[in-house]
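Comments concern the structure below.
The values are calculated or read from the model by the stated rules, or taken from the named source; none is laboratory data. Note that this is a predicted model, so its numbers are computed, not measured. Cβ placement follows ideal geometry from the backbone for every residue including glycine, while neighbour counts extend to all protein chains displayed. In case anyone asks, the SASA skips ligands and DNA or RNA and just uses the protein heavy atoms, side chains included. Shrake-Rupley method; radii C 1.70, N 1.55, O 1.52, S 1.80 Å.
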Amino acid sequence: MPVNAYLWVYFGAAFLALFMTVPVIRLARRMKVVDYPGVRSVHTQPIPRIGGVAIYLSSMAVIVSLLFLNNEVGRAFRDMALPVIALFCTATCVFLVGLVDDVRGLPARFKFAVELIGACLLYFAGVRIGGIALGEGFRISLGWLSLPVTILWIVGITNAVNMSDGLDGLAAGVAAIACGVIAVFTIFGGSPDVKVSLMSFFAIALLGSLSGFLFFNFNPAKVFMGDCGSLFIGFTIASASVMCVAKSAALVGLALPALALGIPIFDTLFSMLRRFLERRSLFAPDRSHFHHRLVAMGLRHRHAVLLIYGATLVVTGLGLLMMVRQNVAALVVLVASVLIIIFLFRIVGVVRF
């Protein structure tokens, strides 16, 4: 794919996000769709909470425009119309459900059900994890497990990103890193499949939108992405990574975004386990998340976010070695990266062995 196309997608999405976020902030204030300080909040002033509208519109506008190009990129997108349209439609439904939740409020179980339905629709549209390959001579075929594994992956990543949106710029920055590593894999991973290479445009468009949005979302934040943003971002990243591995089956296609989102993923797992052991609702709010622990240890808001950025970059940088290592060596790299993440949770007191 031409380099100019990637640059156009990134800067186009970033510019649109910068341009759209200001009117979204004004609209949220006019409609009084703001986030008031609460049990999980670290801010003291009401903040507009539908910034995800700017992320959705800017990224989707750029991606949809590629469908109408009369060149190699446009033809490739039109050739795989079914999975692309399925991703557009399901991601849009998830975004709209999140937006309604931001404006009026929805039960957590309803949002969860919509995510499940969206993941199922993607599966039957061909977006599925059929198997995992480690090197050239070893492949694990999932068979009937393909459906539950695909659904668990998409829904799990979606909710991990949603639950990580607790500090200014945290979810947007970590998601941007995840988009970056997906783009690196799809561009430089060496896969000849067109479906894999086209996912780079999804990742880069979302990366551009997040970059523009972070200008307003980083501490001190002028706007939050809200559920409409975090659910849309998580669902899109999860689906794009599945589309990457659907043809190549390379372990790294799932491992890289999983490592980039490693802190939100493990934070979600440990939070659910903690609430289960305390006999509370799995969706009950608290201030025991990884980022809350960092702030409780005395770190400033901004420094806590930057620390999580740094840890994510270190882990994903190590994970990129999986692209050049094969077979057992790739598994060793993956296990080492996961152990680093768990050790970080041990340091801040989330995990006690």
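Applying the Karplus relation 6.51 cos²θ - 1.76 cosθ + 1.60 with θ = phi - 60° to region 89-105 yields 3J(HN,Hα) values of 5, 5, 5, 5, 4, 4, 4, 5, 5, x, 5, 4, 5, 5, 8, 10, x Hz, where x marks Gly and Pro. Structural descriptor for the chain: relative contact order 23 percent, calculated from alpha carbon pairs under 8 angstrom and at least 6 residues apart. Between V328 and A61, the contour length at 0.36 nm per residue exceeds the Cα-Cα span by 92.0 nm. Average accessible surface for the chain: 45 Å² per residue, computed with a 1.4 Å probe over protein heavy atoms with every protein chain in place. Taking packing as the residue-averaged number of other Cβ atoms within 10 angstrom, the listed peptides 207-216, 266-275 run from highest to lowest as 207-216, 266-275. For Cα pairs less than 8 Å apart in space and 6+ apart in sequence, what is the mean separation divided by the residue count of region 23-118, i.e. the relative contact order in percent? After rounding, I find 20 percent.
Scanning residues 5 or more positions from D35 or on other chains, those with amide H under 5 Å from its amide H are I47, R49, with H placed 1.01 Å from N in the peptide plane.
Oblate is the label for region 100-187, because the ratio a/c of its alpha-carbon gyration tensor axes (a ≥ b ≥ c) is 1.5 or higher and a/b is not greater than b/c. On the chain, 68 percent of the accessible area sits on carbon and sulfur atoms, based on a 1.4 Å probe.
Couplings for region 203-216, taken from phi via the Karplus curve 6.51 cos²θ - 1.76 cosθ + 1.60 with θ = phi - 60°, read 5, 6, 5, 5, 4, x, 4, 5, 4, x, 5, 4, 4, 9 Hz in order; Gly and Pro are left as x.
Straightening the chain between L318 and L27 buys 100.6 nm, computed as 0.36 nm per residue apart minus the Cα-Cα spacing.
Here is the list for region 88-118: trypsin sites (Lys or Arg not before Pro) lying in DSSP coil, each with at most 16 other C-beta atoms within 10 angstrom of its C-beta, are R104.
Dimensions of region 78-136 along the principal axes, based on C-alpha atoms and rounded to the nearest Å, stand at 50, 28, 17, largest first. Between the amide H of G131 and those of L142, distances stay under 5 Å, these residues lying 5 or more places away or on another chain, with hydrogens modeled in the peptide plane. Is the C-alpha gyration tensor of region 1-132 telling us rounded, prolate or oblate? Criteria: a/c under 1.5 is rounded; beyond that, a/b larger than b/c is prolate, otherwise oblate. It is oblate, given that a/c is not under 1.5 and a/b is not larger than b/c. Per-residue ellipticity at 222 nm computed for the chain from its helices equals -24000 deg cm²/dmol, with DSSP H segments shorter than 4 residues left out and the rest contributing -39,500 (n - 2.57). The stretch between S146 and I342 holds 67.9 nm of extra length on full extension. This uses 0.36 nm per residue minus the Cα-Cα distance.
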